[in-house]
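Notes follow the structure.
The numbers here are math on the coordinates, done by the rules we state, and not lab data. Since we're looking at a predicted model, the values are computed, not measured. Quick reminder, even Gly has a Cβ in these numbers, built from the backbone with ideal geometry, and neighbours come from all protein chains shown.
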Amino acid sequence: MKPTQLVIALTKGRILDEVLPLFEQANIIPAEDISKSRKLIFDTSLPNVKLMVIRGSDVPTYVEFGSADMGVVGKDLLLEHGSEEFYEPLDLKLAECRLMTAEPVNAKEVSGRLKVATKFTNIAKKYFAEQGQQIELIKLNGALELAPSMGLADAIVDIVDTGKTLTANGLEPRELIAHVSSRVIVNKASMKIKNSIIRDVLGKLRAAVENS
């Protein structure tokens, strides 16, 4: 990419649906309808800004290694990935939810190690270690709510929005680990090399957040 060109990595799915209107308020408008295209990189209304649309779990990696200068990603994925390698200058206050532990309603106390199912293994390990609790981690990528009822786990660590899915599966939220929302992250080298354009984009996004 040209040194004056800025690449912003966006997360597919729900976050994208909420982020694009905010970007539009900041006058960063994709040149074509992202939802109808199979492309992964898009020109925008700003000649030197491109948008890249990828999986949320890959956004921190693209930004860390400088393939994208900036990114928008959920705080849950930042906590899981570790965020020492980039700046996190702005909370977009979008896709807000909570990262929590959940257990079956009226669960009995577990003797021995608690079996915890989650896709957030680094977060779970750190959280339970801070509580002084020994756990056995079970990595799952989906349908976490099934794990306790099928005897695979005693508890789960997952994103909770309304909590309806937990209730439907006989679970209840217990401990709050973190409040989650969409954050802007910036590659450290890009912040030095492309400082003026990054500051300009951050300023536009900050104004859009304040006005929304």
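By how many degrees, between 0 and 90 and to the nearest 10, does the Cα long axis of helix 195-211 differ from the longest principal axis of the chain?
Roughly 60 degrees, rounded to the nearest 10.
Could you give the nm distance between label points at Ala189 and Thr121, where each point is 7 Å from its Cα heading toward the beta carbon?
Result: 2.9 nm between the two label points.
When the Cα centres of segment 149-176 and segment 69-113 are compared, how far apart do they sit, in Å?
Spelled out, the Cα-based centre of one part sits 15 Å from the other.
Decide, for segment 157-212, between rounded, prolate and oblate: order the square roots of the alpha carbon gyration tensor eigenvalues as a ≥ b ≥ c, take rounded if a/c falls under 1.5, and otherwise choose prolate if a/b is larger than b/c, else oblate.
It comes out prolate by the Cα gyration axes.
Cα convex hull of segment 61-101: mean projected area in nm², to one decimal?
Average of the hull's projected areas for segment 61-101 equals 3.2 nm².
Can you tell me how segment 97-179 classifies by the Cα gyration tensor, rounded, prolate or oblate, using a/c under 1.5 as the rounded cut?
Rounded is the answer for segment 97-179, as its axis ratio a/c remains below 1.5.
When a/c is below 1.5 the answer is rounded, else prolate if a/b is larger than b/c, else oblate, so apply that to the chain with a ≥ b ≥ c taken from the square roots of the Cα gyration tensor eigenvalues.
prolate
At 0.36 nm per residue, minus the direct Cα-Cα distance, what do Ser181 and Asn211 gain on full extension? Give it in nm, one decimal, please.
This chain segment gains 9.1 nm when fully extended.
On a 0 to 90° scale, report how tilted helix 121-130 is relative to the longest principal axis of the chain, with both axes built from alpha carbons and the result rounded to the nearest 10.
Value to nearest ten degrees: 60.
Placing +1 on the Cβ of each Lys and Arg and -1 on the Cβ of each Asp and Glu in segment 1-116, which of Ala102, Met70, Gln5 has its Cα farthest towards the positive end of the resulting dipole?
Ala102
Under a point spin-label approximation (7 Å from Cα along Cα-to-Cβ), what is the Phe65-Gln133 distance to one decimal in nm?
For Phe65 paired with Gln133, the spin-label model returns 3.6 nm.
Given points 7 Å out from each Cα along the Cα-Cβ axis, report the Asn27 to Gln5 separation in nanometres with one decimal.
If labels sit at Asn27 and Gln5, their model points lie 2.2 nm apart.
Hey, what angle do you get for helix 14-25 against the long axis of the chain, alpha-carbon based, 0 to 90 degrees rounded to 10?
30 degrees
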